[in-house]
1. May I ask you to list pairs of residues, at least six apart or on different chains, whose Cβ atoms are under 7 Å apart, with the first in segment B:38-64 being among the aliphatic types (A, V, I, L, M) and the second being near ligand 2 (Cβ under 9 Å from one of its atoms)?
2. Looking at segment A:257-272, I want the residues that are away from chain B (no Cβ under 14 Å) and have a partner that is part of a strand (DSSP E or B) and near ligand 3 (Cβ under 6 Å from one of its atoms) with Cβ atoms under 8 Å, at least 6 apart or on another chain. Which pairs are those?
3. What's the number of the condition A:F333 fails, among (1) buried (at least 17 other Cβ atoms within 10 Å of the Cβ); (2) within 10 Å of another protein chain (Cβ to nearest Cβ); (3) part of a helix (DSSP H, G or I)?
4. Residues in segment A:11-50 that are crowded, with 17+ Cβ neighbours inside 10 Å, among the hydroxyl-bearing types (S, T, Y) and touching a strand residue (DSSP E or B) at 6+ places or on another chain (Cβ under 7 Å): how many?
5. Only one of these conditions is not met by A:N321: (1) within 12 Å of chain B (Cβ to nearest Cβ); (2) modelled with pLDDT of 95 or more. Which number is it?
6. Please list, ordered by first then second residue, the pairs with beta carbon atoms under 7 Å, 6 or more apart or interchain, first in segment A:135-162 and under 24 Å from A:G100 (Cα atoms) and not assigned by TED's automatic domain parsing to the domain that holds A:G176, second acidic (D, E) and crowded, with 24+ Cβ neighbours inside 10 Å.
7. For segment B:13-60, how many residues are more than 14 Å from chain A (Cβ to nearest Cβ) and either part of a strand (DSSP E or B) or more than 14 Å from ligand 2 (Cβ to nearest atom) (or both)?
8. Those residues that are part of a loop (DSSP other than H, G, I, E, B) and within 12 Å of ligand 3 (Cβ to nearest atom), I need them from segment A:256-290; list them, please.
Amino acid sequence: MKAGPSQEEIRRHNLGTLLRHVHIGGSMSRAVLAERMGLNRSTILGLVSELGSAGLVREELPRDTGRAGRPSLVVRPESDRVYVLAFDVGVDRLAAARIGLGGVFLDRREIPMAPGRRDAGKVAEILAGSALDMVGTAQHGTYCVGVAAAVRGMVRRPDGLVRAAPHLGWEDEEFGEDLMRRLGLGLPVSVANEASLGALAEHLRGAGTGCQDLVYLHGDIGIGGGVITGGQLLTGDCGYGGEIGHMVVNPRDGRPCGCGAHGCLEAEAGERALLETARRDPTATGREAVRAVVEAADRGDITARAALRDVGDWLGIGVANLVNVLNPRTVVFGGTLREVFLGSAAQIRSRINRLALTSSRENLRLRVGELGDDAVLIGAAELAFSEILVGPLETLARAGA
Amino acid sequence: MTATPNANPNPKPDPILRLRGIDKSFGAVQVLHDVSFDVHPGEVTALVGDNGAGKSTLVKCIGGIHSFDGGEYWFEGEQVQVHSPREAAALGVEIVYQDLALCDNLDIVQNMFLGREKRRGLVLDDATMEEMAAQTLDGLSVRTVTSIRQQVSSLSGGQRQTVAIAKAVLWNNKVVVLDEPTAALGVAQTAQVLELVRRLADNGLAVVLISHNMNDVFAVSDRIAALYLGRMAAQVSTSNVTYSQVVELITSGRSGDLGLAHTNGATA
Ligand SMILES: Nc1ncnc2c1ncn2[C@@H]1O[C@H](COP(=O)(O)OP(=O)(O)OP(=O)(O)O)[C@@H](O)[C@H]1O
Ligand SMILES: [Mg+2]
Ligand SMILES: [Zn+2]
């Protein structure tokens, strides 16, 4: 029989939980923390002072003074002192950011890149270069406590091996290992699928805040998916769960998909399908091209309207399936699917209403992502923060503080 | 995982605003016939209908600009009399009209407080007003305006709508009615305003959104109320209807089992 948790374990858990509250929720008073954590005030006081002397939080007067009465101190995460590095290997850009505790962007670099095959080593080299540059400009006495990268592809759990990233031409790349070596910070680099991280970000800080069951659809070159169920990211057995873009919606006479199958959601409702159906210039791709179709439809362009109706139909069919299987509270459309959703919401919703089970859909909300193009980067940062939010003092000690 | 405050899986709040049997005529022309309308807190209710169906008239009755000829106005479970915008405001009902009333030569803060301090019997200093305006915009996650001391004439259409909406929520209103807030906007600005609309409802307000754009309606609303020739054809949950059903309700007053029994007679 396993013994109950020790005092030490409980304390460690409470420290992590408190830090998570201010990291996600922003500054809050000790009274609020006591209420949210269900602990008495003297315990909270002890935890706050321990985190305070470690330099992870600070107590200060709230910003909005001028109210009647004596304002109570708020506990604030030390965003300038403790940070992570987050990377996003995008379709047409590489992004790196230094993000402070509390989710504050402290610094960021973006390197435009023509879409197409890319050597994984070269990508790691560029990202590591940008990151070390940012680390170099960080003030003395600040600590990097985690590193994570988002990749559009299949990432194995738990080791982060990139099994396949078709748009880059990657297969079985030890991208995280490579990045870790090049950074030389002594920190492991977590790697995860971009839409899973987008889901995490919207769940923690965006359109799905407070929602424990959420599906995130991310459109760019393809359609990525991330699923939060019961507050947890769905990973599946080896980490490949949530590939919504390859949910087959039209197998009989569907369009060929990059994965080799026919009629995947990505093939029917992805950027390429939309732009082809709308008969747009085949060389124009990406966000601007998608937005142009939505704008044309808004002005009454019949071809653009038909294309959006078509794509909306397939998206609705896909989401109806997800609603029946997962019963999400919220479905979030991110990346270029944000524009697509705004241009075809009537179609999408109608399809869902016709196809999904009544009880599964009655509280369903369809939303656009709130974090815009930063969702993936923010999700990567949250992944990188996960360690310090479990064992704050240990993680900080390992970071050399 | 700890329970979150909004963990209630199935919120079905009572209507905060409830109209029953509203009639309204302008001279010899009856514009609203026996209209019933419910508005729920935490929800976006889309009010749709063809040009001239009576949407703006209904909203002006709600806002106390027009008094109606017959019918009942219920607010938070009690029957009330609303004969002026002041009385509507006192209840916590705010209308953002189709033809936005913002003053071009004033800045954002001045606009947000225009005519309001006096109405509420308050005298506020500049710093307090500025702070309240900033907090309101902040609370709505409005990041599109660069300075709250910017003149309204220099704002884009979407930003103007944003300011008008922020003005409506500044005074802790409970019901906010938006008459075609996205009509004059491009896609990107529409997205901003719709997000704001959704956020208001998520913060617990009852929001009424008038729109001719079915994508907007299906993107943000929880319920759809369709007016047809001055009659309420149907009020339905957005998760239960299709685009073509709503279009039918708008254009012919009925769709299958939904809507008016006879398009020229009494409601079903
Ligand atoms: N002050 C008024 N005096 C006389 N008739 C009016 C007045 N206001 C509105 N009407 C008439 O009432 C009817 C309903 O108008 P209302 O403005 O409510 O329509 P609406 O549904 O808002 O249309 P739209 O979509 O074009 O804004 C119309 O026939 C209109 O001409
Ligand atoms: Mg009108
Ligand atoms: Zn596929």
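1. Pairs found: B:L47/B:K55; B:L47/B:I210; B:V59/B:D179; B:V59/B:I210.
2. Filtered contacts from segment A:257-272: A:C257/A:C264.
3. Failing condition for A:F333: (3).
4. Qualifying residue count for the region: 1.
5. Going through (1) within 12 Å of chain B (Cβ to nearest Cβ); (2) modelled with pLDDT of 95 or more one by one, A:N321 breaks only (1).
6. Short answer, once both residue conditions are applied: none.
7. Total meeting the criteria: 30.
8. Correct list: A:C257, A:G258, A:C259, A:G260, A:A261, A:G263, A:G270.
The values are calculated or read from the model by the stated rules, or taken from the named source; none is laboratory data. Everything numeric in this text was worked out from a predicted model, so none of it was measured. Note that each Cβ is placed from the backbone with ideal geometry, even for glycine, and that neighbours are counted across all protein chains shown.
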